[in-house]
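Asks: Below: one structure in C-alpha cells.
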Amino acid sequence: MTQAVGVTRPGGRSARTRAAVHAAVRSLLDESADGTVAVAEVARRSGVHTATIYRRWRDPEGLVLDTLFEELSHRSPLPVTGDLRGDLLTYTRRLLADLQAPGNRVLVRAIAAAVRTGGLSGLAGFAEPRVRQVEEVLAASGTTEIGFLDVGELILAPAYAHALLGAPLTAEADAERLVDNLVAVLERRRSRKAGR
C-alpha cells in the first residue's frame, strides 16, 4: 500500500530514515534475481526497525515503489518548456531508454506486484510526484483537454506493458508513435470542442 502522506518532514530524522531505507532497498534490488526485497533484510541493512518500515511503507512492494519512483523523479525529471509534443517526446524517449535497461525493469515488476496486492490505489501515493510533473507539463502548454490518465493510457501503459512482457519498446522506433497517438487524441478533442 502507500506510505502515509504528510507524516514525513523534508529534513531531520525522517529524511535520514528514508534515505537509509532507500539505499538498502536499492542495494538489495541490485542483488535480487526477481526484483523483490525482504523487509527484515531492509531493516538489517538500513539500521531502521522493522516496525518503522511497516508503519511507513506497509509492505515490500511499497518499499520498492517508493525507492524507484523517488529515484526516477530525480534521475529523469520531465521537461517543462511549454512545447507539449517536444516535452512529451523527450520524456517518452527517456522512459523507453530506461525500460530497455535490465536493472530498471524491476520497477515494472514492482508496479505489477503492487497492483496485484493493492490494486491501482496501491500505486497512487508513490506515483503522486510523477503525476504532478505530468500535470505541470500539460499546464505549461495550456492543455486542458487531456490529463494524466490520457498520458497513462497512451504512453505509460504501452511502455510498461511491453517491458513487463519482456519486449520493451525502443526510443528510436516507438517514442514518436506513442506521443503522436496522444497528440491525435488532443487534436480530436479540441476539434470536437470547437464544434468541427
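Asks: Residue by residue through region 67-84, note down the ones that are of a type in the set (S, T, N, Q) and either at pLDDT 90 or above or part of a helix (DSSP H, G or I) (or both).
Replies: Once the filter is applied, which keeps residues that are of a type in the set (S, T, N, Q) and either at pLDDT 90 or above or part of a helix (DSSP H, G or I) (or both), region 67-84 yields THR67, SER73, THR81.
Asks: OK, next. For region 68-104, which residues satisfy the criterion of being among the polar types (S, T, N, Q), open to solvent by less than 30 Å² (accessible area, probe 1.4 Å) and in contact (Cβ under 8 Å) with a residue 40 or more places away in the chain?
Replies: Correct list: SER73, THR92.
Asks: Looking at (1) of a type outside the set (D, E, K, R); (2) part of a loop (DSSP other than H, G, I, E, B); (3) modelled with pLDDT of 95 or more, find the lone condition where GLY35 falls short.
Replies: (3)
Asks: Let me ask something else. Of the numbered conditions (1) over 25 Å from ALA112 (Cα atoms); (2) open to solvent by less than 40 Å² (accessible area, probe 1.4 Å); (3) at pLDDT 90 or above; (4) in a helix (DSSP H, G or I), ARG44 fails exactly one; give the number of that condition.
Replies: (2)
Asks: Here is a follow-up. Does at least one position in region 25-33 carry a residue that is farther than 27 Å from GLY166 by Cα, in contact (Cβ under 8 Å) with a residue 12 or more places away in the chain and open to solvent by 30 Å² or more (accessible area, probe 1.4 Å)? Lay out the reasoning, then the answer.
Replies: Step one: filter region 25-33 for residues farther than 27 Å from GLY166 by Cα, giving none.
No: region 25-33 contains no residue that is farther than 27 Å from GLY166 by Cα, in contact (Cβ under 8 Å) with a residue 12 or more places away in the chain and open to solvent by 30 Å² or more (accessible area, probe 1.4 Å).
Asks: So is ARG18 of a type in the set (D, E, K, R), modelled with pLDDT of 85 or more and under 19 Å from ALA113 (Cα atoms) or not?
Replies: The answer is no for ARG18.
Asks: Scan region 161-179 for residues that are more than 14 Å from TYR91 (Cβ to Cβ) and either in a helix (DSSP H, G or I) or touching a residue at least 12 places away in the same chain (Cβ under 8 Å) (or both) and jot them down. Even if it seems obvious, please write down each step before you answer.
Replies: Of all residues in region 161-179, those more than 14 Å from TYR91 (Cβ to Cβ) come to 161-168, 170, 172-173, 177.
Within region 161-179, ALA161, HIS162, ALA163, LEU164, PRO168, THR170, GLU172, ALA173, ARG177 meet the criteria.
Asks: If you take the residues of region 154-179 that are loosely packed, with under 14 Cβ neighbours inside 10 Å and among the charged types (D, E, K, R), which of them is farthest from ARG105 (Cα to Cα)?
Replies: ARG177
The values are calculated or read from the model by the stated rules, or taken from the named source; none is laboratory data. Bear in mind that the values here come from a model prediction, so they are computed numbers and not experimental data. No Cβ is skipped: glycine too gets one built from the backbone with ideal geometry, and neighbour counts run over all protein chains shown. Quick note on the areas: whole protein, heavy atoms, side chains included, nothing else; ligands and nucleic acids left out. Shrake-Rupley method; radii C 1.70, N 1.55, O 1.52, S 1.80 Å.
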